[in-house]
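Contents: one structure, followed by commentary.
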Amino acid sequence: GNSVTQMEGPVTLSEEAFLTINCTYTATGYPSLFWYVQYPGEGLQLLLKATKADDKGSNKGFEATYRKETTSFHLEKGSVQVSDSAVYFCAFDYKLSFGAGTTVTVRA
Amino acid sequence: KAGVTQTPRYLIKTRGQQVTLSCSPISGHRSVSWYQQTPGQGLQFLFEYFSETQRNKGNFPGRFSGRQFSNSRSEMNVSTLELGDSALYLCASSRRGGEDYGYTFGSGTRLTVV
């Protein structure tokens, strides 16, 4: 069936380190793909999206490319900050299915 | 413009009671979806309403129900509350279904069942 699988956390990094969170999906057709972020005590915010193969979504220094051949949408950021500490969710638009979430903690 | 508004923010109920949560979407958004978030199960889809009709439904028991009004505001009801219903309930709105513009989430209602 349709599902999203993302890298389990938690992930702990130092400031300015490189971040990658893996996400793969199983779906019929070509869904739109999203990354959402949830900061402590808040609801989810859309971080970036891609609606077709080879699209690259980007926002706040984060990037993710829609790879049809590997059914993946990995999230990357070249230099993380303490303020990037949050839970990150990969999702696609079948009932807006979410991955389990990856908790990222960035230490100064 | 105003975001998605969920009320109340916090709620404490007793087992066996029923509860109604409210969600006001962004103006112009016609799709409203509900999610349950718990530490153990993550984010689980409850249902989606579009133009007052339930368009999609997740795998929750019939105790969980919802509706949408003509102004797109939505309510979610849980009857005969169980301890396991304690969770953060999130509402999300979008123009049509989120695939083009993404979904905007409210801050959630934290329900505690004692």
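Can you list the strands (runs of 3 or more DSSP E) lying wholly within the stretch A:13-108 that have 3 or more residues being farther than 17 Å from A:SER3 by Cβ and in contact with a strand residue (DSSP E or B) (Cβ under 7 Å, 6 or more places away or on another chain)? Of the strands (runs of 3 or more DSSP E) lying wholly inside the stretch A:13-108, those with at least 3 residues that are farther than 17 Å from A:SER3 by Cβ and in contact with a strand residue (DSSP E or B) (Cβ under 7 Å, 6 or more places away or on another chain) span A:44-50, A:56-59, A:62-65, A:75-77, A:86-92, A:102-107.
Which residues, counting only those in the stretch B:97-114, are assigned to a loop (DSSP other than H, G, I, E, B) and more than 10 Å from chain A (Cβ to nearest Cβ)? Within the stretch B:97-114, just B:VAL114 meets the criteria. Cβ-Cβ distances below 8 Å connect no pair with a first residue in the stretch A:23-42 that is at the interface with another protein chain (Cβ under 8 Å from one of its Cβ atoms) and over 23 Å from A:GLY61 (Cβ atoms), a second residue that is part of a strand (DSSP E or B) and among the aliphatic types (A, V, I, L, M), and a separation of six or more residues or different chains.
Every number here is computed from the coordinates shown, using simple stated rules; none is lab data. These numbers were taken from a predicted model, which means no experiment stands behind them. Glycine also receives a Cβ, built like all others from the backbone with ideal geometry; neighbour counts cover every protein chain displayed.
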